[in-house]
Amino acid sequence: MSDTACVFCKIASREIPAEILHVTETVMAFRDLNPQAPTHLLLIPREHIESLEQVTDAHAGVLADLVQAATHLAKTEGLDEGWRLVSNVGPAGGQTVYHLHFHMLGGRQMTWPPG
Ligand code: 5GP
Ligand code: ZN
């Protein structure tokens, strides 16, 4: 399932370009256009899901695949000191693209709390 107006669906279907680092049957990872850290990747399900709020039991497998992709990419990106995985949900969460994604950030010291 995809949404023809969705920018991440367009990246998943290669309709618009992105620096894609990792693709499996279910997930994809590419570099964020506006990086907030030396490594800033976006991990998405290839299927259109709006946000974590739309996740159901049927998505258990793809969520596990996203986490597995993150640990794989931490190695290939050399993030030996640590990294951060975050998903913004809804307007107050700071979500701007309504296709579920995890930001994977690393390569610098992260601060807490986030803004
Ligand atoms: P959100 O604000 O929804 O949590 O994150 C959306 C992210 O998508 C932002 O960090 C933004 O820079 C990134 N982004 C938006 N459009 C594009 C695009 O066309 N290509 C890529 N690679 N990243 C995008
Ligand atoms: Zn989408």
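Per-residue answers, yes or no, for (1) in contact with a Lys or Arg (Cβ under 9 Å, 6 or more places away or on another chain); (2) of a type in the set (Val, Ile, Thr):
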position	(1), (2)
ALA12	yes, no
ALA18	yes, no
VAL27	yes, yes
ASP32	no, no
PRO35	no, no
ALA58	no, no
LEU66	no, no
ALA69	no, no
GLY78	no, no
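Any residue at all in segment 18-26 that's within 11 Å of ligand 1 (Cβ to nearest atom) and loosely packed, with under 12 Cβ neighbours inside 10 Å?
Yes; the residues of segment 18-26 include at least one that is within 11 Å of ligand 1 (Cβ to nearest atom) and loosely packed, with under 12 Cβ neighbours inside 10 Å.
Looking at (1) away from ligand 1 (no atom under 16 Å from the Cβ); (2) touching a strand residue (DSSP E or B) at 6+ places or on another chain (Cβ under 9 Å), which is the only condition VAL86 fails?
So VAL86 meets the others, but not (1).
With the structure loaded, tell me whether TRP112 is farther than 19 Å from VAL23 by Cα, crowded, with 18+ Cβ neighbours inside 10 Å and modelled with pLDDT of 95 or more or whether it fails that test. Let's see the steps before the verdict.
On the way: farther than 19 Å from VAL23 by Cα: yes; crowded, with 18+ Cβ neighbours inside 10 Å: no; modelled with pLDDT of 95 or more: yes.
In short, no.
Being more than 11 Å from the chain's Cα centre (by Cα) and surrounded by 17 or more Cβ atoms within 10 Å (Cβ to Cβ) is the filter here, so list the residues in segment 27-50 that pass it.
Of segment 27-50, the ones more than 11 Å from the chain's Cα centre (by Cα) are 33-39, 47-50.
Passing the criteria: ALA37, THR39, HIS48, ILE49.
If you scan segment 32-49, which residues turn out to be within 11 Å of ligand 1 (Cβ to nearest atom) and over 16 Å from VAL86 (Cβ atoms)?
Once the filter is applied, which keeps residues that are within 11 Å of ligand 1 (Cβ to nearest atom) and over 16 Å from VAL86 (Cβ atoms), segment 32-49 yields only LEU33.
How many residues does segment 20-62 hold that are assigned to a strand (DSSP E or B), of a type outside the set (Gly, Ala, Ser), within 16 Å of ligand 2 (Cβ to nearest atom) and touching a residue at least 40 places away in the same chain (Cβ under 8 Å)? Talk me through it step by step, then tell me what you get.
In the first step, residues of segment 20-62 are kept if they are assigned to a strand (DSSP E or B); the result is 20-23, 27-31, 39-45.
Then drop every residue that is not of a type outside the set (Gly, Ala, Ser), which leaves 20-23, 27-28, 30-31, 39-45.
Filter once more, so that each one left must be within 16 Å of ligand 2 (Cβ to nearest atom): 20, 23, 27-28, 30, 42-45.
Now restrict to residues that are touching a residue at least 40 places away in the same chain (Cβ under 8 Å): 27, 42-45.
The total comes to 5.
May I ask you to list pairs of residues, at least six apart or on different chains, whose Cβ atoms are under 8 Å apart, with the first in segment 80-104 being over 22 Å from LYS10 (Cβ atoms) and the second being β-branched (Val, Ile, Thr)?
Going by the 8 Å Cβ cut-off, the qualifying pairs are TRP83/THR39; LEU85/VAL67.
If a residue must be within 14 Å of the chain's Cα centre (by Cα) and in a helix (DSSP H, G or I), how many such residues does segment 10-19 contain? Before the answer, list the steps.
Filtering segment 10-19 down to residues within 14 Å of the chain's Cα centre (by Cα) leaves 11-12, 18-19.
In the following step, the residues that additionally are in a helix (DSSP H, G or I) were identified as 11-12.
Residues meeting the conditions: 2.
Condition check ((1) at pLDDT below 95; (2) among the small types (Gly, Ala, Ser); (3) at positive phi; (4) in contact with an Asp or Glu (Cβ under 8 Å, 6 or more places away or on another chain)) across all residues:
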site: ALA12; (1), (2), (3), (4): no, yes, no, no
site: ILE16; (1), (2), (3), (4): no, no, no, no
site: ILE20; (1), (2), (3), (4): no, no, no, no
site: LEU33; (1), (2), (3), (4): no, no, no, no
site: GLN36; (1), (2), (3), (4): no, no, no, no
site: LEU42; (1), (2), (3), (4): no, no, no, yes
site: GLU47; (1), (2), (3), (4): no, no, no, no
site: ALA60; (1), (2), (3), (4): no, yes, no, no
site: ALA64; (1), (2), (3), (4): no, yes, no, no
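The values are calculated or read from the model by the stated rules, or taken from the named source; none is laboratory data. Just so you know, these numbers come straight off a predicted model, no measurement behind them. Counting neighbours? That spans all protein chains shown, and the Cβs are built from the backbone with ideal geometry, glycine included.
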